[in-house]
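Structure first, commentary second.
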Amino acid sequence: MASIISFQGVQKHFKDLHVLQDIDLEVQAGEVLVVFGPSGSGKSTLIRTVNRLERIDGGQLLVLGQALHDPRVDTARLRRDVGMVFQQFNLFPHLNVLDNITLGPLHVLKESPAAAREAAMALLERVGIPEKADAWPAQLSGGQQQRVAIARALAMRPQIMLFDEPTSALDPEMIKEVLDVMEDLARGGMTMLIVSHEMGFARHVASRMVFLDGGRIVESGPPEDLFTHPTQARTQAFLAQILKH
């Protein structure tokens, strides 16, 4: 089966810093891949290349059959198909929740206002906050704002969802409500690439985990393999440290 995402010898530099080094990684449709590792290891850069927020410098990157290393790639089409949720919620403060969600479908997908509204309300139901449709972002908790951000990304009907540490800006009691939405997406078969330090969530939901350090993939495999018998000393040391907390 052809991969939905294929990294082949991918390189990325920021000036003298070699951020991604020889990345080889295949992701299948419906797979939930959790990328973890220390700060500065290249995790966010890795997933930001998938929707071309970062351009690769070498190697090949294929996403949904598009060659992202080709300068002629249709970036607008790519970003319709690859949704992204960031650490910060990035909602438009001057638009209410419903308008935040319907903006893309109305202007990019050219949906009718009635269809866009109906789909947005269904998504708000799915993320558990239909009663917040008319609220302003400033009236929402961080967890609610992040759930709106997920609904907004889903409104574009993407085939792949990227999550860049989506709970890192949240208070501890709000983290679970966002992870529950992500788990529901995973159960529904959405292809997901997630940068996260939420190891309990990763162990429960991930199809596969990738440990990144110094811009390289140190180790990858099913969660139980990495948690119970990681083969690399660097993975063992990192997990021992992170699982203390």
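The values are calculated or read from the model by the stated rules, or taken from the named source; none is laboratory data. These numbers come from a predicted model, not from an experiment. So basically every Cβ, Gly included, is an ideal-geometry build from the backbone, and we count neighbours across all protein chains shown. Quick note on the areas: whole protein, heavy atoms, side chains included, nothing else; ligands and nucleic acids left out. Shrake-Rupley method; radii C 1.70, N 1.55, O 1.52, S 1.80 Å.
Where nothing but the Cβ of Lys and Arg (+1) and of Asp and Glu (-1) is charged, how large is the charge dipole of the stretch 146-190 around its Cα centre, in debye to the nearest 20?
300 debye
Kirkwood Rh over alpha-carbon pairs of the stretch 99-174, then Stokes-Einstein at 4 °C and 1.567 mPa s: what D in µm² s⁻¹, rounded to an integer?
100 µm²/s
Compute the relative contact order of the stretch 159-225 as a whole-number percentage, counting only Cα pairs closer than 8 Å that sit 6 or more residues apart in sequence.
30 percent
Kirkwood hydrodynamic radius (Cα pairs, Å) of the stretch 40-127?
15.1 Å
Name the residue from VAL148, VAL73, HIS197 whose Cα lies farthest towards the positive end of the charge dipole of the chain, charges +1 on Cβ of Lys and Arg and -1 on Cβ of Asp and Glu.
VAL73
Of the accessible area of the stretch 37-95, with the probe set at 1.4 angstrom, what percent is carbon plus sulfur?
47 percent
Carbon and sulfur: what percent of the stretch 102-227's accessible surface (1.4 Å probe)?
Roughly 51 percent, rounded to a whole number.
Give the calculated FRET efficiency between ARG216 and ALA2 to the nearest 0.05, with a Förster radius of 35 Å applied to their Cβ-Cβ distance.
Approximately 0.90, to the nearest 0.05.
Semi-axes of the equivalent ellipsoid of the stretch 134-193: what are they in whole Å, largest first, if each equals the square root of 5 times a C-alpha gyration tensor eigenvalue?
After diagonalising the Cα gyration tensor, the semi-axes are 20, 14, 9 Å.
Calculated from DSSP H runs of 4 or more alone, at -39500 (n - 2.57) each and per residue, what is the 222 nm mean residue ellipticity of the chain, nearest 500?
-11000 deg cm²/dmol
If you roll a 1.4 Å probe over the heavy atoms of the protein chains, what accessible area per residue do you get for the chain, in Å²?
Spelled out: the 1.4 Å probe surface of the chain, per residue, equals 46 Å².
Once both labels are modelled 7 Å past Cα along the beta-carbon direction, what's the ALA237-ASP180 spacing in nm?
3.9 nm
Let me know the charge dipole size of the chain about its Cα centre in debye, to the nearest 20, where only the beta-carbon of Lys, Arg (+1) and Asp, Glu (-1) is charged.
Computed charge dipole of the chain: roughly 460 debye.
When the C-alpha atoms of the chain are aligned to their principal axes, what extent does each axis show, in angstrom, from largest down?
Sorted largest first, the three principal extents are 53, 45, 36 Å.
In percent, what relative contact order does the chain have, based on Cα pairs under 8 Å that are 6 or more apart in sequence?
For the chain, the relative contact order is 26 percent.
Which whole-number value in Å³ per residue fits the convex hull of the alpha carbons of the stretch 152-245?
Per residue, the Cα convex hull of the stretch 152-245 comes to 116 Å³.
As a quick test, which of the pairs LYS176/LYS244; LYS15/LYS43; LYS15/LYS244; LYS132/LYS244; LYS110/LYS176 have an alpha carbon distance above 28 angstrom in this structure?
LYS15/LYS244; LYS132/LYS244; LYS110/LYS176
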